[in-house]
Amino acid sequence: MTQAPLPRLSVDIVSDVMCPWCIIGWLKFETVMAHFAGRLEFRVQWHPFELNPDMPPEGEDAAAHVMRKYGVSAEQSRANSGKMAGVAADLGFAFNRGPGFRMRNSFDAHRLLTWAGSREDPEQSEPTGVQTALKLALFKAHFTDNRDVSDHAVLADVAASVGLDRARAAAILGGDEFGEMVRTEEAYWADQNITGVPAFILGGRMLVPGAQDPEVFIRVIERKVLADAA
């Protein structure tokens, strides 16, 4: 007897490479996918959001940026950074925010991510593909390796590191390809009232905002996905 296919859940993640809670949220969600192994299949796609769309090309010192944008003191900024670093470390990810760490413009990174997403088969059997690989490599380049992920040469190198064609990546970055798609997607998610990231949209209809603990996702999926499919 042929085994019935597992139900499949689409997972749209709106996020920014500059967002530390976005990588933390993803690492937590990996635990969720492992929890449902053998019961549910996933299909993950990433979507653009710019925390700082007006960030200049030279970027901004991260500590000064946080103090200016959120109105916190230097001590509060250090405490918040330490908290995030501890949470990330527990999940196996290193934040190496040295004194030269800067926030960067992420628009070109989103253009490459949109290109990577366009290369995937929507019906692929695996939950993630080259777009997720690129997203994670960009998180590492920015937060762990302190590389300038607004620099075109760095972006092309990161793309090549996950198997994408470096020359094609450089050509995209040298022009305006995928720029309109990024702006269109950003406008769409803004119209859906996505005002902060990460934002996880499950099955195209269930919004789970923020870097929630796995138990939150598990409860939503059990009650709203698997119960409905039973």
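The set of residues in region 7-30 being touching a helix residue (DSSP H, G or I) at 6+ places or on another chain (Cβ under 8 Å) and open to solvent by 70 Å² or more (accessible area, probe 1.4 Å) consists of W21 alone. Here E120 qualifies as open to solvent by less than 40 Å² (accessible area, probe 1.4 Å), charged (D, E, K, R), more than 13 Å from the chain's Cα centre (by Cα) and farther than 24 Å from G196 by Cβ.
Anything in region 6-40 that is over 15 Å from the mean Cα position of the chain (by Cα) and without any contact (Cβ under 8 Å) to a residue 24 or more places away in the chain? List them, or say none. If the condition is that a residue be over 15 Å from the mean Cα position of the chain (by Cα) and without any contact (Cβ under 8 Å) to a residue 24 or more places away in the chain, then A34, A37 are the ones that fit. Restricting the search to region 12-65, which residues are touching a Leu at 6+ places or on another chain (Cβ under 8 Å) and either assigned to a helix (DSSP H, G or I) or of a type in the set (S, T, Y) (or both)? Residues satisfying the conditions are I23, I24, W26, L27, K28. Only residues that are over 16 Å from C22 (Cβ atoms), aromatic (F, W, Y) and modelled with pLDDT of 90 or more were counted across region 50-106, and they come to 1. Would you please name the residue that is nearest to the chain's Cα centre (by Cα), looking only at residues in region 152-176 that are assigned to a loop (DSSP other than H, G, I, E, B) and surrounded by 16 or more Cβ atoms within 10 Å (Cβ to Cβ)? Looking at residues that are assigned to a loop (DSSP other than H, G, I, E, B) and surrounded by 16 or more Cβ atoms within 10 Å (Cβ to Cβ), I get V162.
Exactly one residue among S125, S161 is at pLDDT below 95 and small (G, A, S), and that residue is S125. Could you please let me know if K135 is under 24 Å from F101 (Cβ atoms) and either part of a helix (DSSP H, G or I) or of a type in the set (V, I, T) (or both)? Against the criterion (under 24 Å from F101 (Cβ atoms) and either part of a helix (DSSP H, G or I) or of a type in the set (V, I, T) (or both)), K135 qualifies. Hey, can you tell me all the residues within region 112-122 that are assigned to a loop (DSSP other than H, G, I, E, B) and at pLDDT 95 or above? Passing the criteria: R119, E120. For the criterion of being closer than 30 Å to V225 by Cβ, open to solvent by 50 Å² or more (accessible area, probe 1.4 Å) and either modelled with pLDDT of 90 or more or assigned to a helix (DSSP H, G or I) (or both), A4 fails. In the set N96, N80, only one residue is part of a loop (DSSP other than H, G, I, E, B), among the polar types (S, T, N, Q) and out of contact with any strand residue (DSSP E or B) (no Cβ under 7 Å at 6 or more places or on another chain); that residue is N96.
The values are calculated or read from the model by the stated rules, or taken from the named source; none is laboratory data. Because the structure is predicted, anything quoted here is derived from the model rather than measured. We place every Cβ from the backbone using ideal geometry, glycine too, and count neighbours over all the protein chains shown. Accessible surface areas use protein heavy atoms only, side chains included; no ligands, DNA or RNA. Shrake-Rupley method; radii C 1.70, N 1.55, O 1.52, S 1.80 Å.
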